[in-house]
Amino acid sequence: MLDLLPDLFDEYPEQLNLATKAFIDYGKRTLFCGEIVTVSCFEDNSKVKELLATDGSGKVLVVDGKASMNRALLGDMIAENAVKNNWQAVVINGCIRDAGTIGTLDIAVKALGCNPIKTEKLGVGDTNIVVNFTNIDFIPGWFVYGDANGLAVSESKLSVTAG
């Protein structure tokens, strides 16, 4: 399957909310779904690093970086750790770095853009809170779906029937 969102919107149009802003796909994978885990931070990826070091089986980390384009919230080493810990995807309302390497990793990564400058590590940020960007509330425990067509969320896990 190369496209997920068109099929989901055909079957569940009332249960999905679509992101209003386009993200750039950086990981080797573009299609993903998983339970939402959130981080809210500004130019400090300490909490991103901390969460991606835990078991992410069936989960997607959604990072509200306040759309800052000044520093990268995800780099190759943290992304490699996410792959090792079975995260499905990372969605960043902000930037990544090491885009070439991340493009070779077996994970989906969506972000607004790239910036080669790393963040300071101050331990600042909030986890597992509702974050809002692109006109969507990303609620921990809800589900997020992504592919080359965009990004959407639903309260419950949805599946596509073949047909």
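Just so it is clear, none of the values below were taken in a lab; they were calculated from the coordinates. Since we're looking at a predicted model, the values are computed, not measured. Every residue, glycine among them, receives a Cβ derived from its backbone with ideal geometry; neighbour counts consider all protein chains shown.
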Relative to the Cα centre, what is the charge dipole magnitude of the chain, using +1 at the beta carbon of each Lys and Arg, -1 at the beta carbon of each Asp and Glu, and rounding to the nearest 20 debye? 540
Gap in Å between the Cα centre of the stretch 92-163 and the Cα centre of the stretch 1-66? 3
Report, for the chain, the % of DSSP beta bridges that are antiparallel, rounded to 5. 50
Please turn the phi angles of the stretch 110-119 into ³J(HN,Hα) values with the Karplus equation 6.51 cos²θ - 1.76 cosθ + 1.60 (θ = phi - 60°), one per residue in order, whole Hz, x for glycine and proline. 10, 8, 6, x, 10, 8, x, 8, 7, 8
In the chain, if the dipole is taken from +1 on Lys/Arg beta carbons and -1 on Asp/Glu beta carbons about the Cα centre, which of Ala79, Val153, Asn128 is farthest to the positive end? Ala79
Length-normalised contact order for the chain - Cα pairs under 8 Å, 6+ apart - percent: 34
Would you please put 127-140, 99-112 in order of how densely packed they are, using the mean number of other Cβ atoms within 10 angstrom per residue and starting with the highest? 99-112, 127-140
By per-residue mean of other Cβ atoms within 10 Å, what is the highest-first order of 143-154, 8-19? 143-154, 8-19
Which label marks the calculated value of Rg and Dmax of the Cα atoms in Å, given the options (1) 14.5, 50; (2) 15.6, 55; (3) 14.2, 44? (1)
Which value, in debye to the nearest 20, describes the size of the charge dipole of the stretch 80-135 about its Cα centre when Lys and Arg Cβ atoms bear +1, Asp and Glu Cβ atoms bear -1, and nothing else is charged? 60
Sparse-neighbourhood loop sites, GluC sites (Glu not before Pro) in the stretch 54-160 - DSSP loop, at most 12 other Cβ within 10 angstrom: Glu120, Glu155
Can you compute 3J(HN,Hα) from phi for each residue in the stretch 132-137, using the Karplus curve 6.51 cos²θ - 1.76 cosθ + 1.60 with θ = phi - 60°, rounded to whole Hz and x for Gly and Pro? 10, 7, 6, 6, 10, 8
What does the helix-only formula give at 222 nm for the chain: each DSSP H stretch with n ≥ 4 adding -39500 (n - 2.57), the total divided by the residues, and the result rounded to the nearest 500 deg cm²/dmol? -4000 deg cm²/dmol
